[in-house]
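Remarks on the structure that follows.
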Ligand code: SF4
Ligand code: SF4
């Protein structure tokens, strides 16, 4: 953090000369003020801070890009805490496809109602729809993740989609199980300027890997990720991508040292995320969590068919809030249905919403 502060101070000093819109300038000023300890948030919530992975991201950015990053990151972190909104989500997840070749036991892909073709929830986004969504996000949103309920490399248009995002976002993220990561796709990811590439893998040996990544094979995935590393080193030595192997923390497989030993030389970061029962939120017992769900102020999801959803815990879209391209994404973000849902959460009444009443996300 110390090494970042002089850059934050510099941004705060030159802010009026950057030509930002008054609203953007105010957000960046607040972000700098809280990071430098000059400003205390008015409503008792913690001051904005940067986590180690944010500092890694900032270290890849130029000074000219830093104000844009702060505008995004301040809204992403503090708006859910302070229940604030503006006209575009701080983060968008766009789903190239809902189809996956794996059947991980903690994933919605094991729900046969979801994966049964005739139920209409499986499919791939058209290139036209994708381009329309990216056009709306560009300039309004820096954090775009190309993944949600399926494996993005299954999508037949994925290389064209990646090419279309080139140079448009500062926090472009791509999640993959790496099964289909062939040479062409390695180049497509690196040429698109993806900022963070996450490989989903939870184990460093067999049979643990295949027990969690059902239909997968550790040897093939390890070879694919190694090839990605080699292509990056050989052909894109200046590329600023951050690569991460990320596992789901399930009992008996959360040995970070073993993961580090196995994956550490191939990627920049190795991490675990906490398990959430993504596979069956609808069957969980009702809970009485009073806190509002942060996703409602932070992220918006667009499924392959254009359906807009507030989260992917609700993978069968009970809470669906709109439809692209017939509705404008900013209008959906501020729509009556979305606002009603937020109001239920804000007034400690999330038990009135399904499946929020069975979901542990806060
Ligand atoms: S967790 Fe990822 S890789 Fe596993 S089934 Fe779900 S979408 Fe596929
Ligand atoms: S509480 Fe759960 S189901 Fe409701 S919006 Fe948040 S993540 Fe989705």
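What number results when the radius of gyration of segment 133-208, computed over Cα atoms, is divided by 2.2 N^0.38 Å? It would help to have the intermediate numbers written out before the result.
Numbers: Rg = 13.2 Å, N = 76, 2.2 N^0.38 = 11.4 Å.
This ratio for segment 133-208 stands at 1.16.
What relative contact order, as a whole-number percentage, does segment 148-249 give when Cα pairs under 8 Å and 6 or more residues apart are counted?
Working: 127 pairs, mean separation 31.8, N = 102.
Contact order relative to length: 31 percent.
Is it possible to state the helix-based mean residue ellipticity at 222 nm for the chain, with each DSSP H run of 4+ residues giving -39500 (n - 2.57), the sum divided by total residues, to the nearest 500 deg cm²/dmol? What is it?
Rounded to the nearest 500, the figure is -10500 deg cm²/dmol.
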What relative contact order, as a whole-number percentage, does the chain give when Cα pairs under 8 Å and 6 or more residues apart are counted?
17
In whole angstrom, how long is each semi-axis of the equivalent ellipsoid of segment 1-135, when you take the square root of 5 times every eigenvalue of its Cα gyration tensor and sort them from largest down?
38, 17, 15
What residue among 193, 264, 120 has the largest mean-square fluctuation in a Gaussian network model of the chain, using Cα springs under 10 Å?
120
Looking at the chain, I'd like the Rg to Rh ratio, where Rg is from alpha-carbon atoms and Rh is Kirkwood's inverse mean 1/r.
0.95
Taking Rh as the Kirkwood radius computed over alpha-carbon pairs of segment 168-263 and applying Stokes-Einstein at 10 °C with viscosity 1.306 mPa s, one gets a diffusion coefficient in µm² s⁻¹ of 114
Rounded to the nearest 0.05, what FRET efficiency do residue 327 and residue 233 give with R0 = 35 Å and r taken as the Cβ-Cβ distance? Could you check?
0.20
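Run through the DSSP bridge list for segment 232-324 and note the antiparallel percent, rounded to the nearest 5. All intermediate terms of the calculation are to be shown ahead of the outcome.
Working: 4 of 10 bridges.
Counting only bridges with both partners in segment 232-324, antiparallel ones make up about 40 percent.
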Percentage of Cα-Cα pair distances in segment 287-355 greater than 20 Å, rounded to whole percent?
23
Hey, if you drop one equal point scatterer on each alpha-carbon of segment 105-236 and run the Debye formula without solvent, what base-10 log of I(q)/I(0) do you get at q = 0.09 Å⁻¹?
-0.30
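What is the Å³ per residue value for the convex hull set by the Cα atoms of segment 217-291?
Values: hull volume 11.6 nm³, N = 75.
Expressed per residue, the convex hull around the Cα atoms of segment 217-291 is 155 Å³.
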For segment 43-90, place one equal point scatterer on every Cα, skip the solvent, and apply the Debye formula. What is log10 of I(q)/I(0) at q = 0.17, 0.18, 0.23 Å⁻¹?
-0.55, -0.61, -0.89
Could you tell me what percent of the DSSP beta bridges with both partners in the chain are antiparallel, to the nearest 5?
15
Say we join alpha carbon atoms closer than 10 Å with springs in a Gaussian network model of the chain; which of 112, 17, 320 then has the biggest fluctuation?
17
Which residue, 126, 335, 98, has the most motion in a Gaussian network model of the chain that connects Cα atoms within less than 10 Å?
335
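Find the eigenvalues of the gyration tensor of the Cα atoms of segment 212-362, then list the square roots of 5 times those eigenvalues as equivalent ellipsoid semi-axes, largest first, in whole angstrom. Let's see the in-between values first.
On the way: eigenvalues 259, 91, 38 Å².
Square roots of five times the eigenvalues give 36, 21, 14 Å.
Just so you know, all these numbers are worked out from the coordinates, no wet-lab data involved. None of these values were measured; they are calculated from a predicted model. Here Cβ is always computed from backbone atoms with ideal geometry, including for glycine, and neighbour counts include all displayed protein chains.
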